[in-house]
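This report concerns only the one structure given below.
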Amino acid sequence: QTYAQTYPFVRNKSQRGEFGDAASTMSHIRLMEQLLQSPYEDYYFIFEDDVVVKEPLQSSRQLQAAGDAHVVFLVNYATKLWTTIHNHNQKETRVLQGYGAQGYVVTKAGATRILHYLSHHDRPFDCAMAGDATGLRVYLPQDWPLVRHVSRKIDSSRRAFNAQKTS
């Protein structure tokens with residue numbers, strides 16, 4: 001099956017000629033599929049092309065987040081509503097409502113839930129991580145935000161592709 005057959009959002013964006021949006025979603029989906037097929041990886045760090053990784057993540061290449069997380073948002077505007085949980089003397093911040101796919105960590109369990117959601121809903125990829133996917137546990141890491149979205153300073157390939165004329 002093709003992505004357009006499996007994922008309603010990809011199909012509808014493609015039919016409307018919004019190929020940049022479709023391609024961006026497909027790239028996230030493909031990374032999720034690769035993660036699920038990998039016998040070696042339990043999670044992926046995923047970044048879009050118009051972000052800058054900040055310290056301390058840039059130099060340490062590691063982060064601390066809740067152990068039961070499906071997704072960890074790394075961008076600073078991804079959250080609309082959150083709550084703080086105290087777990088074994090650790091402060092954990094759970095995202096209850098938000099969006100943003102510019103920078104995040106996803107686990108295999110999170111990828112499974114996101115792909116299932118996207119195969120049944122005509123919603124953008126980042127909305128699948130916004131609590132719409134049933135049971136998806138989304139957190140913020142300590143030292144958040146760790147990624148800065150700089151779309152005005154760096155060209156976005158998705159926006160550039162959407163702007164191209166189609167015949």
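How do the peptides 14-27, 58-71 rank, highest first, by the average count of neighbouring beta carbon atoms within 10 Å per residue? Walk me through the numbers on the way to the answer.
Working: 14-27: 18.0, 58-71: 15.0.
With the highest mean Cβ count within 10 Å placed first, the list reads 14-27, 58-71.
Work out, step by step, the length gained on full extension between Gln15 and Val150: first 0.36 nm times the residue separation, then minus their alpha carbon distance; give nm to one decimal.
Values: separation 135, 0.36 × 135 = 48.60 nm, distance 2.91 nm.
Between Gln15 and Val150, full extension yields 45.7 nm more.
By how many nm would the segment from Phe47 to Asp68 lengthen if fully extended, with 0.36 nm per residue of separation less the alpha-carbon distance? Write down the numbers at each step before the final one.
On the way: separation 21, 0.36 × 21 = 7.56 nm, distance 2.13 nm.
Fully extending the segment from Phe47 to Asp68 adds 5.4 nm.
Suppose each label sits 7 Å from its Cα in the direction of the beta carbon; what would the Glu33-His120 distance come out to in nanometres?
Calculated label separation equals 2.1 nm.
State the extension gain, in nm to one decimal, for the chain segment bounded by Gln58 and Gln1, taking 0.36 nm per residue of separation less the distance between their alpha-carbons.
Details: separation 57, 0.36 × 57 = 20.52 nm, distance 3.79 nm.
In short, 16.7 nm is gained.
Only the coordinates and a few stated rules stand behind these numbers; no lab work does. Just so it is clear, the model here is predicted, and its values are computed rather than measured. So basically every Cβ, Gly included, is an ideal-geometry build from the backbone, and we count neighbours across all protein chains shown.
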